[in-house]
Amino acid sequence: MRSFRIGSLFGIPIKLDLTFLLVLPLFAYLIGTRIEPVAEILNEVLGAGIDIGAITGGPIPWLLGLTAAVGLFVGVVLHELGHSLTAQRYGFPIDSITLWLFGGIASFSEMPEDWRQELNIAIAGPIVSVLVGIGSYGLFVLTPEVLGGASPGLLSGTRFVLGYLAILNVALAVFNMLPAFPMDGGRVLRALLARGRPYAQATQQAASVGKLFAVFMGLFGLFALNIILIGVAFFVFIAASSEAQQVTMKAAFQDVTVGDIMTPVEDLHTVEPDTTVAVLIERMFRERHTGYPVVERSATGEGLVGLVTLSDAREIDQVEREAYTVADVMTTDLQTITPDSNAMTAIERMQEHGIGRLLVVETPDAGGSFGEPRPEDGDLVGLISRSDVMTALDIVQQSGSIAPSSRPRTAD
Ligand SMILES: [Zn+2]
């Protein structure tokens, strides 16, 4: 996702995602085309006394549409600030607030697992939205219908925007409180469920309810031909699934280290940097491996110099594979992890860098690059791949643990 920063509030960076730049004009347009019916509703429900004739001529509807859309997104930022400031109060750092296609996202690097904290953080956003709605309504009431000298268009326009924002912000709060995890209502549901059961189980249940809601939302959106609702439904479904999976893994891997599930160095197939790409590919087919650590052997010992994968090798045309060596195609900017790290950390690091495997290196401060053979940078003790992790997850879920006898004994 591409986003850029537009400022900060309470020390939290506020960012705009590029998709937001599509939504703002769309909302301005949608509101602009519905000035008359909306004004009629406001006149009926709130007794707004809007002079419809004064706000439907020329460019005024588009101006009102844009003002209301910007006002709506200001309300969304305040909603996210409600979540963020509550989270900060509990000591959880907030990376940023981003406005995107479906509204706002407050990014936390860490989530509370205490149900009371999650409940308060989740509910703070909708509470702020209700308060913003009440505030808009207050300003709406204070804006006179007629004021000597002021143009009736300006007064009616102001009352239109404020009345509309009052209703939209309350609607936003109500919509967010649907128990569609990971929306706010779903988080409230998880917090309440987590009172009496393990966090991972509460997440599973809340995510199931969320997915069910997403299906209903999607079907409703389909019948109502509401593309935004269909989009939100997709988003909720995918986000619910991935967060549930993340939490399940975290719970399953609570006591599992990288060392427990990695492929140890003695079982590891390695290649040398001067092996040709043709030989490498032939070995990959024969040994059914798609990634090899590249190890250089010299008089002083062995040194790790890189990692080569099938996709690296495929960059060379078939006819030229005899002419290129592993050293030409391997990756030298290596991502490493220590064997005593938690298995979950390994997954997070792979996701963060968009890679499928990490080298396991025994050294307290591994993580540098291995441009040249420098054995003092740490000893290669194994390799952990995405499939190692998924296999381990299967085993943990089916048997309850990773063969404990294989774990190194630690005195603690
Ligand atoms: Zn929210």
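The values are calculated or read from the model by the stated rules, or taken from the named source; none is laboratory data. These numbers come from a predicted model, not from an experiment. As a convention, Cβ positions derive from the backbone with ideal geometry for all residues, glycine included, and neighbour counts pool all protein chains shown. Please note that ligands, DNA and RNA were not included when accessible areas were found on the heavy atoms of the full protein model with its side chains. Shrake-Rupley method; radii C 1.70, N 1.55, O 1.52, S 1.80 Å.
At-a-glance table
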| quantity | calculated |
| --- | --- |
| Selected residue (only one of Gly47, Gly65 is away from the ligand (no atom under 16 Å from the Cβ), over 21 Å from Gly11 (Cα atoms) and open to solvent by less than 10 Å² (accessible area, probe 1.4 Å)) | Gly65 |
| Meets criteria (more than 16 Å from the ligand (Cβ to nearest atom) and not polar (S, T, N, Q)) for Glu113 | yes |
| Which listed residue is in a helix (DSSP H, G or I) and surrounded by fewer than 18 Cβ atoms within 10 Å (Cβ to Cβ), from Leu131, Leu147 | Leu131 |
| Residue check, Arg190 under 14 Å from Glu113 (Cβ atoms) and part of a helix (DSSP H, G or I) | yes |
| Residue, surrounded by the most Cβ atoms within 10 Å (Cβ to Cβ), within segment 108-128, restricted to residues that are assigned to a loop (DSSP other than H, G, I, E, B) and out of contact with any strand residue (DSSP E or B) (no Cβ under 7 Å at 6 or more places or on another chain) | Pro112 |
| Residues of segment 1-29 satisfying the condition of being in contact (Cβ under 8 Å) with a residue 12 or more places away in the chain and open to solvent by less than 60 Å² (accessible area, probe 1.4 Å) | Ser3, Ile12, Pro13, Ile14, Leu16, Asp17, Thr19, Phe20, Val23, Leu24, Phe27, Ala28 |
| Matching residues, segment 69-107, being away from the ligand (no atom under 13 Å from the Cβ), open to solvent by less than 10 Å² (accessible area, probe 1.4 Å) and at pLDDT 90 or above | Ala69 |
| Residue check, Gly163 assigned to a helix (DSSP H, G or I), crowded, with 19+ Cβ neighbours inside 10 Å and in contact with a Leu (Cβ under 7 Å, 6 or more places away or on another chain) | yes |
| Hits in segment 167-188 - residues which are under 16 Å from Ile31 (Cα atoms), more than 10 Å from the ligand (Cβ to nearest atom), touching a helix residue (DSSP H, G or I) at 6+ places or on another chain (Cβ under 8 Å) and open to solvent by 10 Å² or more (accessible area, probe 1.4 Å) | Ile167, Leu168 |
| Total residues in segment 116-128, condition within 13 Å of the ligand (Cβ to nearest atom) and of a type outside the set (A, V, I, L, M, F, W, C) | 4 |
| Any hit, segment 299-315, residues being in a loop (DSSP other than H, G, I, E, B) and surrounded by 15 or more Cβ atoms within 10 Å (Cβ to Cβ) | no |
| Residues located in segment 246-272, provided they are in a helix (DSSP H, G or I) and closer than 17 Å to Arg349 by Cβ | Gln246, Met249, Lys250, Val258, Gly259, Asp260, Ile261 |
| Breaking point among (1) touching a residue at least 12 places away in the same chain (Cβ under 8 Å); (2) open to solvent by 70 Å² or more (accessible area, probe 1.4 Å); (3) more than 16 Å from the ligand (Cβ to nearest atom), for Leu142 | (1) |
